[in-house]
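A.B. asks: Here's a structure for you.
The values are calculated or read from the model by the stated rules, or taken from the named source; none is laboratory data. Treat the numbers as computed from the prediction; the structure is a model and nothing was measured. Here the Cβ positions follow ideal geometry from the backbone for every residue, glycine too, while neighbour counts run over all protein chains shown. Just the protein is used for accessible areas: all its heavy atoms, side chains included, with ligands, DNA and RNA removed. Shrake-Rupley method; radii C 1.70, N 1.55, O 1.52, S 1.80 Å.
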Amino acid sequence: MAAIDEEQQALLAAEDGLAKGTRVSTDCEVTSLQLSSPQVPDGERPLLAQRSLYATHWLSTWGQRMWEFAIGLIMLEMYPSSLALVSAFGLVDSLAKVFSGSFVGSYIDRTGRLKAACSMYVMQNTAVVLSALSALFSLQAHEGSVFFWAGAACTIVFGSVSSIGAQGSTLSVEKEWTVVLCNSNSAALAKVNSGMRAIDLSCLLLAPIAAGFLMSYTSISTAILAIAAWNLAAWMPECYLLVCAQRASAVLRAAKQPTAKAESAYSSSILVRFTESGWGTYFKQRLWPAALALALLYLTVLSLGLMMTAYLKWQGMTEAELSLYRGAGAISGLISTVTFPSLLSKTGLKATGVLGIWWQAISLVLAVAPVWLAQLGAYMPASTTSHILLGGLVASRFGLWLFDLAVSQMLQDWVPAEDIGVLNGVQSSIQNLFQSLSYVVGLIFWRPQQFPILMYASAAVVVLAAILYTVFVCCSRVNGLQQGGKATIYASKVLQRSCMNIAVCSDTSLSQKLLISSKHRHLDGTH
């Protein structure tokens, strides 16, 4: 009878979900990362692994954020009468990431974790140093000379290569290492994702301020050399911290098994690799409308990016003022990373995404409204319009990062492990494709006086993305009934297999009763 009681308890546990996870009574941080075993094995230090990933991500992101902020202002310093050079850099940079995204994702999928991440770090940091030195050379040359244009071209090319490296390191460390470390624990993954995004936003807050004050109160040449020195010195600690993370976690040390899909993608032609292994996989996922809505948010100039920064500087704002507003935007986004886990537990991923994207859309519409009224003839000083615009951009960052966190975790939770690298690469490519289109339009409307046209179009695109995501959520609720039916069938099959195993070794009558019960639940449509 004791054996039968144990079997009955096992079947009831299977009916409730088969896997509710194990619980341990350790520190909260360690508990969130202990995902599949009842206690931490000897030599396992998941908290150390988590902190090592945070530290390497901070070193990499700080250097990249400083250069991303500085290079737009350097381009405007090179060619102050036009936004064309800034737009040209943005276009080349975005196109480079568009065409490299799928290949970078495939490389990460079929390469060992440490080798892939370190390769991306070396590419990123080396290219930033070369781009900075090229910019310094161009600034010293006579404007319009062959040496000037050669230096500008090298600045653009190496700057784009550094973005490819940054994209690859993000796909590897932020999208793969964290997922492996959390070992399918959604709650732990939400916390680690929020931590990674908090690092992103902290660097977005502080790195531009540091670069802006360097450029304002020393000189552009000094700022360029300082950024180059940081990136040159940082890559070895970045790689060493990854080694520390692997030493502290067995799941990170475990060899990554290349999937047949990744090997097939690598051995196929370029056209096949670009379509079947990447874009085809992307549009087979049921989440692609949500991912596309996130990508549409890159088809905009309503951000504190290159073109907006150059436009506001043309209007008379200083580098220090721009860096402070960019920092305020980062604080707004940082608040979203703090509120995301609690919102997730109360409303769920989809509802959190709806809140985030509509917050952003409404904030941006309110931000561009004064610019539109001023063009209609309403009296409003240019400085007042600029500050209202920047206030709306700062507020919109909260919704943007909230939505980004929600969609990113959907992809991590619901996309098969063998597809995640390629899919993230394609997602990055689509985002950069849309960003490229914004720079193409910037080249067409290159006069600063025409920039409000781009702002109106950008606000319309964000509203369109919000509508697309809302429709996806509403449709997925309807389809969720069918998905629930599939889950019921799966659970019923698992219960049937359990009953058959028990019938072989124990009380057959008990297993038959539970088998009949599971069939009745399936016919009733309940879980």
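A.B. asks: If I ask for residues that are modelled with pLDDT under 50 and either open to solvent by 40 Å² or more (accessible area, probe 1.4 Å) or assigned to a loop (DSSP other than H, G, I, E, B) (or both), which ones from segment 33-55 would you list?
C.D. replies: Listed by number, the residues that qualify are Gln34, Leu35, Ser36, Ser37, Pro38, Gln39, Val40, Pro41, Asp42.
A.B. asks: The conditions are (1) open to solvent by less than 10 Å² (accessible area, probe 1.4 Å); (2) among the small types (Gly, Ala, Ser); (3) modelled with pLDDT of 80 or more, and Ser303 fails exactly one of them. Which is it?
C.D. replies: Going through (1) open to solvent by less than 10 Å² (accessible area, probe 1.4 Å); (2) among the small types (Gly, Ala, Ser); (3) modelled with pLDDT of 80 or more one by one, Ser303 breaks only (1).
A.B. asks: Looking only at segment 444-477, count how many residues are in contact (Cβ under 8 Å) with a residue 40 or more places away in the chain and β-branched (Val, Ile, Thr).
C.D. replies: Residues meeting the conditions: 6.
A.B. asks: May I ask you to verify whether Ala150 is open to solvent by 30 Å² or more (accessible area, probe 1.4 Å) and out of contact with any strand residue (DSSP E or B) (no Cβ under 8 Å at 6 or more places or on another chain)? Walk me through how you get there before you give the answer.
C.D. replies: Values: open to solvent by 30 Å² or more (accessible area, probe 1.4 Å): yes; out of contact with any strand residue (DSSP E or B) (no Cβ under 8 Å at 6 or more places or on another chain): yes.
Answer is yes for this residue.
A.B. asks: Say whether the condition of being open to solvent by 50 Å² or more (accessible area, probe 1.4 Å) and of a type outside the set (A, V, I, L, M, F, W, C) is met by at least one residue in segment 358-374.
C.D. replies: No - not one qualifying residue is present in segment 358-374.
A.B. asks: Continuing with this model, one more query. Every residue in segment 443-465 that is open to solvent by less than 70 Å² (accessible area, probe 1.4 Å) and within 19 Å of Gln431 (Cβ to Cβ), please.
C.D. replies: Within segment 443-465, Leu454, Ala457, Ser458, Ala459, Ala460, Val461, Val462, Val463, Ala465 meet the criteria.
A.B. asks: Let me ask something else about it. Could you tell me whether segment 410-429 includes any residue that is modelled with pLDDT of 90 or more, within 30 Å of Lys313 (Cα to Cα) and either assigned to a helix (DSSP H, G or I) or over 16 Å from the mean Cα position of the chain (by Cα) (or both)?
C.D. replies: The answer is no; no qualifying residue exists.
A.B. asks: Could you tell me whether Glu263 is at pLDDT 65 or above and either more than 23 Å from the chain's Cα centre (by Cα) or in a helix (DSSP H, G or I) (or both)?
C.D. replies: Spelling it out, it is not the case that Glu263 is at pLDDT 65 or above and either more than 23 Å from the chain's Cα centre (by Cα) or in a helix (DSSP H, G or I) (or both).
A.B. asks: Part of a helix (DSSP H, G or I), of a type in the set (A, V, I, L, M, F, W, C), under 20 Å from Asn424 (Cα atoms) and at pLDDT 90 or above: does that describe Leu294?
C.D. replies: Yes: the conditions hold for Leu294.
A.B. asks: Give me the residue from segment 445-483 that is at pLDDT 85 or above and among the β-branched types (Val, Ile, Thr) and, out of that set, farthest from Ala367 (Cα to Cα).
C.D. replies: So the residue we want is Val473.
A.B. asks: Please work out if Ser87 is touching a Gly at 6+ places or on another chain (Cβ under 6 Å) and of a type in the set (Gly, Ala, Ser). Break it down into steps so the answer makes sense when it comes.
C.D. replies: Numbers: touching a Gly at 6+ places or on another chain (Cβ under 6 Å): yes; of a type in the set (Gly, Ala, Ser): yes.
So Ser87 passes the test.
Residue-by-condition table, conditions (1) open to solvent by 10 Å² or more (accessible area, probe 1.4 Å); (2) among the polar types (S, T, N, Q):
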site: Leu73; (1), (2): no, no
site: Leu85; (1), (2): yes, no
site: Val92; (1), (2): yes, no
site: Ser100; (1), (2): yes, yes
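A.B. asks: Regarding Ser332, is this residue at pLDDT 85 or above and either open to solvent by less than 10 Å² (accessible area, probe 1.4 Å) or not in a helix (DSSP H, G or I) (or both)?
C.D. replies: It is false that Ser332 is at pLDDT 85 or above and either open to solvent by less than 10 Å² (accessible area, probe 1.4 Å) or not in a helix (DSSP H, G or I) (or both).
A.B. asks: Considering only residues of segment 165-193 that are under 22 Å from Glu68 (Cβ atoms) and among the polar types (S, T, N, Q), which is nearest to the chain's Cα centre (by Cα)?
C.D. replies: So the residue we want is Thr170.
A.B. asks: If you check Ala198 against the conditions, is it modelled with pLDDT under 90, under 30 Å from Val394 (Cα atoms) and open to solvent by less than 20 Å² (accessible area, probe 1.4 Å)? Steps first, answer last, please.
C.D. replies: Numbers: modelled with pLDDT under 90: yes; under 30 Å from Val394 (Cα atoms): yes; open to solvent by less than 20 Å² (accessible area, probe 1.4 Å): no.
Here the answer is no, as Ala198 does not meet what is asked.
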